[in-house]
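Input: a single structure, listed below in structure tokens.
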Amino acid sequence: MRRLPLLLALPALLHARRLIVITPHGDDFAIYAGGAIAKMIAAGDEAYLVRVTNDEKHSSGVSTEETRVRTVQETETAAKILGFREVIHLNYKDGEMQSASETELRARLSVLFRTLRPDALMTCDPWTRYDDNFDHEKVGHAVEDAAWTSGNDKFHPELQRAGLQPFAVPERWYWSAGQRYVNRTIDITATLAKKKEALGALSTALGFRPRRMRGADRTVEEFHHTAGSGIQSPYVEWYKQQRSSGTAWAAPLGAAKLAKPGPGQGKTLAVIQPHADDFSGFAGGSILQFIEAGYTAYIINVSNDEKDYHGLGLTTGQTIDRNAAELRELARKAGIKEVLNLNLKNDEMESFPHTELRGRIILALRTLKPDVIFAYDPWSLYERNPDHVLTARVAAEAAWAAGNEHFNREHFSLGLKPHTVRERYYFPRGPSDINRFVDISAQFDRKLAMIQGHTTMMRSTVNKLRDQLAIKGLRMPQLEKEGDRFYLTMSERFERERAERLGKEYGVKLAEHFHYESEE
């Protein structure tokens, strides 16, 4: 990646201003921006900290009630060390921002912006990728929306009646725990000691997930900076930046590593998927390889697959039964121990509460205790299916939240204990940051048999294809000849071509690929 402008003379660029820092949790601002904030304050900025959640789950071995008390005190101590004038606590429930009203949060932030009239704000990047705490994303989006809607007199006219005139925040700085487009790098050598002192005050919050502290000794902090209206197409700029430097979505081209499961005796894997046929097409060969290495495998199927019966003359109930039976049978043949069905309505999952679905996945993870999960990549671009997106996001968050004793404490009355999934393999349909591939040459035929075992879904797909062709006045002779059994030809050709294409990219015959993450 090309070198970014290094801001060595912040005082010259950032004259005395009023700065509002909005942090989802009491430790985020110090971890990702503590040095830059201290530098801005030293240059004359008047700074205010807005802490959005109550951090009740940011601890280990401490009750939620005591955690709330401790983290308030620790956040205020850290803020004082960095030089903040005031800390404002909004007290939303930690880890449950996805169920909070974004318009309500935006309105509360608009009150603050119109009251304090800041020259700049700082918060987490709403467009970040591979950050599995979705409180960050939710807060980032609300802040970005409020930054401009607070300047629009059509939003919240009641505030004008109270004497709060419209005010749009002109300048924004975004930090990130994951991948993002960076266009500003700030040298914090002079304030690194103060940042470390502030981090030292946050002992309760920082003790429960130590990997967040990676890079705490770095003498620079990175941001996406924007001024004026709009975010100026960060992904367009990011794409240009990475294309010019020979990288693709933050991973150097050709940098994906070969993944091989080690000895799996006594180890477990879980597939978390929205629909019965998802895992076999994108990760079937890899999962078979893990099973061959000794892993015990489970499938958590989230939807009821009720809508895959096009042209088959089935009722909804018959469709659910057939798809479930076919999944159980192909799983049995593959050596998968059990299929757990959560039975949410197919293609209507977005109306199901994020936190409730996450709780059900956490219950499954604490019960099965998997060392590895396979799921859709929550950050893959251009994913059209909302079931895929929701399931992937919930799986990513549940993988670490299941190990936190403050999430779903009712599980412990069942004798369950916290369990953190150490390894995650995310399979994509669109552009993704690929860093692992698996050579599935030896498993491909069995993978194909699994795919073709979804007979109802495959026949439904063929019928949809036939009808779509007919609408356009087109015919496919081979499809007409083979009828709905054309799915055998179609799946063999499509899956082999895809595996060969990926294999060629990674230097093997047939491959699957993933974004891999680990708690190690």
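The values are calculated or read from the model by the stated rules, or taken from the named source; none is laboratory data. Here the structure is a predicted model, which is why all the values come from computation and not from measurement. Positions of Cβ are generated from backbone atoms using ideal geometry, with glycine treated the same way; all protein chains shown enter the neighbour counts.
Brief remarks on what is shown
- Check on residue 171, among the charged types (D, E, K, R), under 19 Å from residue 146 (Cβ atoms) and modelled with pLDDT of 90 or more: yes
- Residue count for region 369-399, restricted to those that are of a type in the set (Gly, Ala, Ser) and assigned to a loop (DSSP other than H, G, I, E, B): 1
- So residue 191, is it crowded, with 17+ Cβ neighbours inside 10 Å, in contact with an Asp or Glu (Cβ under 9 Å, 6 or more places away or on another chain), polar (S, T, N, Q) and part of a helix (DSSP H, G or I): no
- Top-ranked residue of region 181-209 - restricted to ones that are of a type in the set (Lys, Arg) and over 30 Å from residue 405 (Cα atoms), ranked as modelled with the lowest pLDDT: 184
- Pick from region 310-341, criterion in contact with a helix residue (DSSP H, G or I) (Cβ under 8 Å, 6 or more places away or on another chain) and small (Gly, Ala, Ser), ranking: surrounded by the fewest Cβ atoms within 10 Å (Cβ to Cβ): 311
- Pick from region 103-139, criterion among the acidic types (Asp, Glu) and closer than 26 Å to residue 222 by Cβ, ranking: farthest from the chain's Cα centre (by Cα): 119
- Positions within region 446-489 being among the hydrophobic types (A, V, I, L, M, F, W, C), surrounded by 19 or more Cβ atoms within 10 Å (Cβ to Cβ) and at pLDDT 90 or above, in sequence order: 448, 450, 451, 457, 458
- Selection within region 181-209 - within 19 Å of residue 219 (Cα to Cα) and of a type in the set (Val, Ile, Thr): 182, 185, 186, 188, 189, 191
- Of all the numbered requirements in (1) in a helix (DSSP H, G or I); (2) surrounded by 24 or more Cβ atoms within 10 Å (Cβ to Cβ), residue 123 misses one, and that requirement is (1).
- Residue 465 being part of a loop (DSSP other than H, G, I, E, B), more than 16 Å from the chain's Cα centre (by Cα) and assigned by TED's automatic domain parsing to the domain that holds residue 332: no
- If you go through region 372-413 and keep only what is β-branched (Val, Ile, Thr) and either touching a residue at least 24 places away in the same chain (Cβ under 8 Å) or over 15 Å from residue 274 (Cβ atoms) (or both), you end up with 372, 373, 391, 394.
- Every pair of residues 6+ apart whose Cβ atoms lie under 8 Å, when the first sits in region 141-157 and is in the same structural domain as residue 110 (by TED's automatic domain parsing) and charged (D, E, K, R) while the second is part of a helix (DSSP H, G or I) and surrounded by fewer than 18 Cβ atoms within 10 Å (Cβ to Cβ): 145/102; 153/160
- Hey, residue 117 farther than 20 Å from residue 26 by Cβ, in contact (Cβ under 8 Å) with a residue 40 or more places away in the chain and surrounded by fewer than 19 Cβ atoms within 10 Å (Cβ to Cβ) or not: yes
- Taken together, the residues in region 241-277 that are on the phi < 0 side of the Ramachandran plot, modelled with pLDDT of 55 or more and not acidic (Asp, Glu) amount to 23.
- Single condition residue 480 does not satisfy, out of (1) free of Cβ contacts under 8 Å to residues at least 60 places away in the same chain; (2) touching a Lys or Arg at 6+ places or on another chain (Cβ under 9 Å); (3) closer than 19 Å to residue 437 by Cα: (3)
- For region 147-175, filtered to residues that are in a helix (DSSP H, G or I) and not charged (D, E, K, R), the residue that is nearest to residue 28 (Cα to Cα) is 147.
- No other residue among 29, 84 is farther than 21 Å from residue 150 by Cα, part of a helix (DSSP H, G or I) and in contact (Cβ under 8 Å) with a residue 60 or more places away in the chain apart from 29.
- Among the residues of region 32-60, those identified as part of a loop (DSSP other than H, G, I, E, B) and either farther than 19 Å from residue 213 by Cα or assigned by TED's automatic domain parsing to the domain that holds residue 403 (or both) are 43, 44, 45, 54, 56.
- Just one of the numbered conditions (1) part of a loop (DSSP other than H, G, I, E, B); (2) among the polar types (S, T, N, Q); (3) closer than 17 Å to residue 224 by Cβ is not true of residue 185: (1).
- When residues of region 32-67 are limited to those that are under 29 Å from the mean Cα position of the chain (by Cα), buried (at least 22 other Cβ atoms within 10 Å of the Cβ) and among the hydrophobic types (A, V, I, L, M, F, W, C), the one farthest from residue 110 (Cα to Cα): 36
- Residues satisfying the stated conditions in region 39-58, i.e. acidic (Asp, Glu) and farther than 28 Å from residue 133 by Cα: 45, 46
- Unique residue being surrounded by fewer than 19 Cβ atoms within 10 Å (Cβ to Cβ) and either farther than 22 Å from residue 518 by Cα or at pLDDT 85 or above (or both) when the list is 229, 176: 229
- Selection within region 305-322: residues that are outside any helix (DSSP H, G or I) and either small (Gly, Ala, Ser) or under 29 Å from the mean Cα position of the chain (by Cα) (or both). The member of this set that is nearest to residue 339 (Cα to Cα) is 305.
- Region 323-342, residues that are part of a strand (DSSP E or B) and acidic (Asp, Glu): 338
- Scanning region 8-26 for residues that are modelled with pLDDT of 50 or more and either more than 19 Å from residue 141 (Cα to Cα) or out of contact with any Lys or Arg (no Cβ under 9 Å at 6 or more places or on another chain) (or both) turns up 15, 16, 17, 18, 19, 20, 21.
- Number of residues in region 343-355 that are in contact with a Ser or Thr (Cβ under 8 Å, 6 or more places away or on another chain) and part of a helix (DSSP H, G or I): the value is 3.
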